[in-house]
Amino acid sequence: MKAKNRKVVLIGAGMVGMSFAYQLYSSGLCEELGLIDFFAEKAEGEAMDLNHAGALVPPIKVTSGGYEQCSDADVIVICGGLPQKPGETRLDLVDKNMKVVKEMSDQIVASGFDGVIVIASNPVDVLTNALQKFTGFPKNKIIGSGTTLDTSRFRYMLGEVLDVAPNSVRGYILGEHGDTQFAAWSNVYVYGKQFDKFLASTDKYTAADFEKIEERVMRAAYEVINRKRATYYAIGISLFTIVKAILRDENTELAVSGYCEGHYGVEDLYIGVPAIIGREGVREIVEMDLTSEELAKMKHSADVLKKTLNDAYAALEV
Ligand code: NAD
């Protein structure tokens, strides 16, 4: 007997969405991929383009159309909305993309979908909170891409300085996927040692070698956008990693925008924290021991997000 096809629906077939879809398409991770875009022809063209490689990848059917595609999907990935323009912060996008998320939420609910939703549209933490409010879905089944990408950038840049592979460096960027994010240095591990102990044990590196990294991570998207107008490959791979963890029930630890109920002192808010991701979405938030200085940074980031969120709800009158 044939098992049920695994199905992913992508809403927003732009640069980020299609970078994700391109990797998903050739991965063999699911048998069906549905595309939805505000411009129906764009989604149709993208589906045609992918399907034309059908003889060369594990069997997968790509469709395009409306929200009826969501009814039997396992995962929805939302990348629709307006992207940052040069000089714009992610929070500048909030009012426009909040309206977009409201429209999407109504249609997702109407489709009868009951799987896990992953959202990358910016400002991602604000929109993750809004998506849960608008859909009313269980909090564990709504996931923002959060600081998955920022954490990868951080590990890549640390690895560059240390001349080791990024996956051999452990550490997290926490908080808002935006200007108030911060590195949890107390939980960075290199060469098997906590970062401060590592620095104390070597004369090859000094703190000065690493002091710019946190700033560079925070500014990374601006640097890419200034050069090529958008960032999409690395977030595409980040989304693929989250969706893989869900579809394969991996229980992998990733820095997503997860719902905090007192974790890290944050109440009733989605924000970038490490979480265990599996079939049901967020299985649990991982609560590392942070220093009081790091907890204060988390509080600041949460306060900024809460204010932005409440202002946006007020503007939308919801
Ligand atoms: P893009 O303009 O290339 O694509 C956006 C797509 O969304 C377009 O095809 C557009 O037609 C579609 N769209 C707009 N409104 C829609 C609606 N109501 N319903 C369905 N589709 C709709 O933009 P992009 O570069 O792909 O960026 C997409 C989003 O991802 C932006 O919000 C951007 O800021 C965000 N982003 C997030 C991260 C992250 O780390 N979370 C990284 C990069 C970009």
### Query
What are the aspartates and glutamates whose alpha-carbon lies under 20 Å from the alpha-carbon of LYS42, with same-chain residues fewer than 8 places away excluded?
GLU32, GLU68, GLU103
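Rounded to the nearest 5, what % of the DSSP beta bridges within the chain are antiparallel ones? Working shown, then result.
Values: 21 of 41 bridges.
Just about 50 percent of them are antiparallel.
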### Summary
Which of SER26, SER292, SER301 fluctuates most in a GNM of the chain (C-alpha springs under 10 Å)? That residue is SER292
### Summary
With Cα springs under 10 Å, the Gaussian network model of the chain assigns the largest mean-square fluctuation among LEU29, LEU56, LEU127 to LEU56
### Task
Report, ordered by chain and residue number, the lysines lying within cross-link reach of LYS299, taken as a straight Cα distance under 30 Å and ignoring same-chain residues fewer than 8 apart.
LYS85, LYS96, LYS99, LYS102, LYS133, LYS139, LYS141, LYS193, LYS197, LYS212, LYS307
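Can you tally the net charge around PRO123? Count Lys and Arg as +1, Asp and Glu as -1, for every other residue whose Cβ sits under 9 Å from the Cβ of PRO123. All intermediate terms of the calculation are to be shown ahead of the outcome.
Numbers: positive: ARG90; negative: ASP92, ASP125, GLU176.
Once all neighbours under 9 Å are counted, the net charge is -2.
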### Query
Computed FRET efficiency, Cβ-Cβ of ASP203 and VAL161, R0 22 Å: what is it to the nearest 0.05?
0.90
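In the chain, which whole DSSP H runs stretch at least 20 Å along their own axis (Cα) and average -0.5 or higher on the Kyte-Doolittle scale?
Details: long enough: 94-111 (25 Å, -0.22); 148-162 (21 Å, 0.03); 213-228 (22 Å, -0.61); 233-247 (21 Å, 1.94); 292-316 (36 Å, -0.38).
Sorted by number, the helices that extend far enough and score high enough are 94-111, 148-162, 233-247, 292-316.
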### Query
What number comes out for the charge environment of GLY14, summing +1 per Lys or Arg and -1 per Asp or Glu over other residues with Cβ under 15 Å away?
0
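May I ask for the longest run of the chain untouched by trypsin sites (Lys or Arg not before Pro) that are loop-located per DSSP and have at most 14 neighbouring C-beta atoms (other than their own) within 10 Å? Provide the component values of the computation, followed by the final result.
Values: sites that count: LYS2, LYS4, LYS204, LYS212, ARG229, ARG248.
Between exposed loop sites, the widest span is 5-203.
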### Summary
Cross-link reach from LYS2 to lysines, straight Cα distance under 26 Å and at least 8 residues apart if same chain, gives LYS61, LYS244
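Values in this text are rule-based calculations from the coordinates and carry no lab data. Bear in mind that the values here come from a model prediction, so they are computed numbers and not experimental data. Using ideal geometry, Cβ is built from the backbone for each residue, glycine included, and neighbour counts are taken over all protein chains shown.
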